[in-house]
Number of protein chains: 2
Amino acid sequence: MTYRVSIFIELQEGVLDIQGKAVERSLAGMGHDALRSVKVGKYIQVWVETGSAEDARKEAERMCDDLLVNSVIEQFRIEVEGE
Amino acid sequence: MTYRVSIFIELQEGVLDIQGKAVERSLAGMGHDALRSVKVGKYIQVWVETGSAEDARKEAERMCDDLLVNSVIEQFRIEVEGE
């Protein structure tokens, strides 16, 4: 079965989010006074053909380790559709 | 109260996802045979101080319209923590 796996990647706490700061400043300049903070990350969806949702998650975790996530500065969370 | 709002931005169907294709090819080259497709998008978290979760959502929607989302080629989904 083909599973859709969503991977949410963000910078770890304590790592300066320059892109987030830039967006924050732009939005504040546009009058978004309710805004307190912004964090910019990546949203990667992968479709994998595996025997179970659990295997789909493991496969996605391997992709994160191999390529998608820089574990020195980033952290990630995975959601498998139908799990 | 300060609400954390997660915004998931992806390319609309039919728009060529060059970044996704590049990641797909790299992962396939690394032996990820279960992989069928990849889509790369943005994961933006904003913290907003509003009176209700509903207001937080509306505020985030305005930010998407004003700056975060290019509605010609992108689509988005919003999740408000505690809603």
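Structural remarks
- Going through (1) buried (at least 21 other Cβ atoms within 10 Å of the Cβ); (2) under 13 Å from residue A:10 (Cβ atoms) one by one, residue A:48 falls short only on (2).
- In the stretch A:57-77, the residues that are of a type in the set (A, V, I, L, M, F, W, C), within 17 Å of residue B:32 (Cα to Cα) and buried (at least 16 other Cβ atoms within 10 Å of the Cβ): A:60, A:63, A:64, A:68, A:69
- Pair list, Cβ under 9 Å, 6 or more apart: the stretch A:1-25 residue surrounded by fewer than 16 Cβ atoms within 10 Å (Cβ to Cβ), other residue in a helix (DSSP H, G or I): A:1/A:53; A:1/A:56; A:2/A:56
- When restricted to residues that are under 30 Å from residue B:35 (Cβ atoms) and basic (Lys, Arg), the stretch A:21-56 contains 2.
- Residue A:46 being in contact with a Gly (Cβ under 6 Å, 6 or more places away or on another chain) and in a strand (DSSP E or B): no
- The sole residue among A:59, A:54 that is within 8 Å of chain B (Cβ to nearest Cβ), over 25 Å from residue B:60 (Cβ atoms) and in a helix (DSSP H, G or I) is A:59.
Each reported figure results from applying straightforward, stated rules to the coordinates on display, with no laboratory input. From a predicted model like this one, the values you see are computed outputs, not experimental measurements. In this analysis, Cβ positions are derived from the backbone assuming ideal geometry, glycine residues included, and neighbour counts consider all displayed protein chains.
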